[in-house]
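This report refers to the structure that appears directly beneath it.
We did not get these values from a lab; they are worked out from the coordinates using the rules stated. All values derive from a computational prediction rather than experimental measurement. Ideal geometry is used to build each Cβ from the backbone, glycine not excepted, and the neighbour counts take in all protein chains shown.
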Amino acid sequence: MKNYNIKTTLLFLIIMLFFNSFSYAQEQYKKINAFEINGVITDATLKYVKENIEKSEKENAAVLIYIDTPGGVLESTRNIVQAILSSKVPVITYVYPKGARAASAGMFITIAGNYALMSESTNIGAAHPVASSGEDIKGEMEKKVLNDTVALAKNIAEKRGRNTVPVVAMVKESASYTSKEALDLKVIDKVIGDENIISLLPESLNISKDAVIEKVEPDFTQVLYNIIADPNILAVLLFIGIALILLEIKVPGTFIFGTFGVVSLIIFAYGANIIPINFLGIGLIILGFALIVGEVFITSFGLLTLGSIVSFVFGLRILFDSEKSAGVTVSMWVIIIIIGLLVSIALLIGRLIIKDFSRKPIIGLEAMEGLLVEVIEWDNVKHTGKVSVKGEIWNAVCNDEVHVGDKVRVVWLESLTLHVEKNNE
């Protein structure tokens with residue numbers, strides 16, 4: 001019985017050593033597929049990340065993700081994190097280049113990597129969820145959203161052995177850290193300058209020191225997705241679409257303005273499926289256009305234009321539903337450019353109105369007064385006759401002696417009869 005136990009133990013040890021040696025003998029990764037997350041994180045980004053991780057798993061290649069993002073849609077970010085955590089090959093996250101950021105939703109992706117790198121002079125953090133107005137969420141909703149986001153951050157940090165305290169602070173307190181601070185706080189694994197990335201990777205990743213980094217370029221569809229998913233592009237498309245449709249209403253029959261306007265709005269609607277849209281923001285933008293149109297018909301001395309500017313600013317600022325997003329906003333530069341165009345249009349309308357007021361009338365007494373007209377019939381006894389005024393025949397009276405063909409000057413109009421005087425010039 002004793003011999004049987006010894007044999008069983010030895011057999012078990014042999015089997016364990018076999019599998020252990022097999023795992024250590026696993027072939028090293030000779031290639032690293034590298035790609036970028038650059039810009040706002042959306043479902044398009046999720047699709048791109050998943051495709052590249054699946055491609056790398058088939059090729060038995062590691063993954064390197066260059067990150068430079070202001071944030072994005074939280075649900076898309078959560079799914080990207082899941083894809084990274086469940087990857088069968090090592091995933092290296094790298095905030096790059098110098099001056100880049102892994103802000104808001106980008107923070108979650110960075111710390112989800114098996115090995116997290118940051119370039120010098122980069123930053124990470126500011127991941128506090130906010131309301132659609134850009135302010136803190138209030139009441140019970142704040143607790144719900146905040147606790148859910150904190151739990152996500154803690155789960156990632158614990159999974160990757162990172163310091164949960166500063167990670168939670170980035171969510172709860174909008175803390176943001178430089179690359180050096182993030183390293184000291186054990187949020188990331190390494191800060192690098194111009195060194196060779198591969199030489200800095202730990203042996204635990206099982207990546208060969210002779211591995212080749214192969215850059216994966218996005219295909220046309222992905223590039224198109226990235227363009228459409230840009231909040232600044234979507235804001236401009238919405239502005240152009242509404243403006244062109246209003247122009248088509250003003251100048252009907254060409255169908256050119258209307259066609260391009262509808263196309264712009266269709267692309268905007270497609271983009272709205274990628275980035276959550278706040279319909280209050282759209283309502284304020286439409287109100288802004290309505291006020292501009294009202295300025296054309298109502299003399300408000302600029303009050304309607306001022307109202308439209310305020311409506312546009314607030315509408316553009318809350319255009320994207322930030323309760324489902326993190327860091328997705330329209331750039332202030334884009335807002336300034338759009339407002340500048342609106343002010344230019346308002347000034348043009350104002351100039352045309354002033355010009356209309358200062359222009360001499362083309363009908364009535366004010367239009368006739370001082371006008372030189374030609375005598376075509378005349379009776380010097382009755383001092384009456386007919387004159388030609390811009391191709392029209394008018395009855396006229398004059399106390400001076402005039403003849404057919406003479407030029408006389410209109411003095412005033414009375415009961416469809418012109419009072420004229422001899423032109424002595």
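In table form, for the structure just shown:
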quantity	calculated
Estimated vicinal HN-Hα couplings, Hz - the range 394-404 in sequence order (Karplus 6.51, -1.76, 1.60; Gly, Pro = x)	10, 6, 9, 10, 8, 7, 8, 7, 10, 10, 4
Tail fraction, Cα-Cα pairs, the range 24-218, threshold 21 Å, whole percent	48 percent
Fraction in percent of alpha-carbon pairs per bin - 5 Å, the range 364-422	4, 23, 38, 25, 8, 1
Neighbour-count order for Glu195, Glu173, fewest beta carbons within 10 angstrom listed first	Glu195, Glu173
Peptides ranked, highest mean first, by Cβ atoms within 10 Å: ranges 66-74, 287-295, 388-396	66-74, 287-295, 388-396
5 angstrom amide H check on Ile37, placed H, neighbours 5+ away	Tyr66, Ile67, Asp68
For Arg162, residues with placed amide H under 5 Å, excluding near neighbours	none
Sorted by Cβ density within 10 Å, fewest first, the residues Met368, Met118	Met368, Met118
Exposure proxy ranking, count of Cβ atoms within 10 Å, fewest first, for Ser199, Ser121, Ser311, Ser415	Ser415, Ser199, Ser121, Ser311
Karplus-derived HN-Hα couplings along the range 302-319 (A = 6.51, B = -1.76, C = 1.60, θ = phi - 60°), whole Hz, x at Gly and Pro	x, 5, 5, 5, 4, x, 5, 5, 4, 5, 5, 4, 5, x, 5, 5, 10, 4
For Asn278, residues with placed amide H under 5 Å, excluding near neighbours	Phe320, Asp321
Subset of Lys58/Lys154; Lys30/Lys55; Lys98/Lys186; Lys30/Lys50 violating a 23 Å alpha-carbon distance limit	Lys58/Lys154
Descending semi-axes in Å of the range 172-280, equivalent ellipsoid built from Cα gyration tensor	48, 20, 11
Mean Cβ count within 10 Å, highest first, over the residues of peptides 370-380, 83-93	83-93, 370-380
